[in-house]
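The values are calculated or read from the model by the stated rules, or taken from the named source; none is laboratory data. Remember, it's a predicted structure, so these values are computed and weren't measured experimentally. Positions of Cβ are generated from backbone atoms using ideal geometry, with glycine treated the same way; all protein chains shown enter the neighbour counts.
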Amino acid sequence: MKAPTPPPQSLRARRAENKDAAAAWSFLAPTLLLLLLFTVLPALYAVYASLHKLDIVSGQSSWAGLKNLQYLWEDDKFWAACRNTTRYVLVVVPLQTSLALLLACMLNSRIRFRRGFVTLFFLPTLTSSAAMTMIFMWLFNNDGLVSQALQTHFGITIRFLSDPHWALPIIMLMNVFSTTPNYMVVFLAGLQEVPRSLYEAMALDGAGPIERHWRISVPQLMPLIFYVLTMGLIGCFQVFDQAFILSGGDGGPEDSTLTFTLLIYHFAFKTYNTMGLACALAVVLTLIILLASRLLKTVVKSEGLNR
Amino acid sequence: MSRLLTYLLHGFLLGYALLTLTPFVWAVLSSMKSVQEIAVGGRILPLALDFGAYRQILQGDFGRWFFNSLSVALTVTISSVFSNTLAAYALARLRFRGGAALFQTLLIIIMVPSQVTMIPAYLVVARLGLADTHLALILTSLVSISAIFMMRQFFINFRAEVEEAAKLDGCSALTTFVRIVLPMALPALATQAIFIFMGVWNEFMKPLLYISSVDNYLLTQGLNAAAKQYEKSAAWNLIMAGSVVSVLPILLVYLGLNRFFLKLNDQTGGGK
């Protein structure tokens, strides 16, 4: 392809441009080199590996075509991971988004100690997932604060961490607890951009605070809500740390905390000859995330237009 | 706003504040108990102010892991802020063929989830002979496309006159960048630095994959490994002391740069 002929330039201007280009490429070189080595090549390799049977130790690979996918389709663990992760997304994403929105709107109204509240609320987001999981385990294990309190005050005994019905909900709770403040700050920043006059005009028309919330804050924040939902969706589909730590790496009890990423980790590092499966699952996960965020986009967009 | 509603609002916020604080207070209180107190249970407050658990963990591998995390996080933060900003500046202010296309490509790459690349990237790391080294963590954490994106948006609205003046004075692009552009971008650099430091300090999966010898563990990974040991003897005071220690540096950074951070947060958004 031929580049369009540049407009006539003075020699000096052209020399300046060449100098700019040289500087630009040298500025970009380290970033591009690292991206190529550790992101682009690995991504291409993942696609290649997902279609092969790989033995990392001997370096042998043989064409497997869609056999990896077929194996996944027939594997109970895959379906367990699918179920758990989907449930996880469906519970955590709406919960953290609405709680974050609620808190942000409350903090945006005329209240005392706003700065203090925001600073304090942010604490769980700062804490690493590892430390947060430790603290939650010490709240919910058999001798933990919550379990003990339930037992002494209500006579209820729940083994939160070893009961397959409870382990995943505890991780969900932990996730909502630690990501909500992050999104709250995003919403808060967005709310401060909404012009005060909009609220004042509606108040003059006799609308109460709740009506104003639904008719001004929510529509004005729609782009941010979409952003938070998307980020939450991507993050939740990739949940790993909490499930890994809480279950000691095996996704137990009874596969109830087995997530997609935990299964990828297993195929890649815990079982032999299954690197191809790990990559196939990673590619599948990517497609699921892309599909889900597309779906979200359609739903949110149509909602927005109907309003 | 009616008075009742104001009370309800403050009540709810105070309640949520209490809910947020409880796990952390519980962690700090537990860290001051003795193993016997933990085993007996039934008490909220420790019998005495005892920092023995902290002394005990810091004498073990914990001190080393803490130092490992600190050195990796600081190295990544400083070099990553520099290289991201350099790249963003080139994309925003320098005219060169392919610049726009390159930027679009970056926006596509950002969508590839880390799980897809992390395992093959491990193979690259191993091939380069970097398995089980901190350099592997540093090199694979250095580029942040979202930071590049944020800085590019920042530079696009930059005033051009000073830059032009420097150029006319015969400054090279790099000199202009270091002497003129960087100082003017300080608040944005601080925000970027907090997010990058927090990301590396709290990262769990990457060290788990790349680091195998105990001496090279980062703090998050070490905390998990140590907790597995301590859990057998139900030494939750030690686990809580470790967790508290791991939160402190990031808390200090946050409180120190709080003012900066909340003002600029809207440019970077969330995503942990």
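Key figures for this structure:
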{"quantity": "Residue check, A:Arg83 of a type outside the set (Phe, Trp, Tyr) and within 30 Å of A:Met222 (Cα to Cα)", "calculated": "yes"}
{"quantity": "Test: residue in the stretch A:155-162 that is closer than 15 Å to A:Ala243 by Cβ, among the hydrophobic types (A, V, I, L, M, F, W, C), in contact with a helix residue (DSSP H, G or I) (Cβ under 7 Å, 6 or more places away or on another chain) and more than 9 Å from every other protein chain (Cβ to nearest Cβ)", "calculated": "yes"}
{"quantity": "Segments classed as helices (runs of 4 or more DSSP H), wholly inside the stretch A:169-275, with at least 3 members that are out of contact with any His (no Cβ under 8 Å at 6 or more places or on another chain), surrounded by 16 or more Cβ atoms within 10 Å (Cβ to Cβ) and aliphatic (A, V, I, L, M)", "calculated": "A:218-237, A:241-246, A:260-265"}
{"quantity": "Helices (runs of 4 or more DSSP H) wholly inside the stretch B:173-254 that include at least 2 residues being under 30 Å from B:Gln36 (Cβ atoms) and facing chain A (nearest Cβ under 9 Å)", "calculated": "B:219-232"}
{"quantity": "All positions within the stretch A:113-144 that are in a loop (DSSP other than H, G, I, E, B) and under 20 Å from the mean Cα position of the chain (by Cα)", "calculated": "A:Phe122, A:Thr127, A:Ser128"}
{"quantity": "Test: residue in the stretch A:168-178 that is within 13 Å of chain B (Cβ to nearest Cβ) and either out of contact with any helix residue (DSSP H, G or I) (no Cβ under 6 Å at 6 or more places or on another chain) or over 30 Å from A:Ser247 (Cβ atoms) (or both)", "calculated": "yes"}
{"quantity": "Among residues of the stretch A:130-165, those that are charged (D, E, K, R) and modelled with pLDDT of 85 or more, counted", "calculated": "2"}
{"quantity": "Answer residue from the stretch B:1-33, given it is closer than 18 Å to A:Met134 by Cα and not in a helix (DSSP H, G or I) and is farthest from the other protein chains (Cβ to nearest Cβ) among those", "calculated": "B:Met32"}
{"quantity": "Filter result (at the interface with chain B (Cβ under 7 Å from one of its Cβ atoms), more than 20 Å from A:Gln242 (Cβ to Cβ) and among the aliphatic types (A, V, I, L, M)) within the stretch A:113-149", "calculated": "A:Val118, A:Leu120"}
{"quantity": "Filtered residues of the stretch A:153-168 (kept if in contact with a Phe, Trp or Tyr (Cβ under 9 Å, 6 or more places away or on another chain) and part of a helix (DSSP H, G or I))", "calculated": "A:Ala167, A:Leu168"}
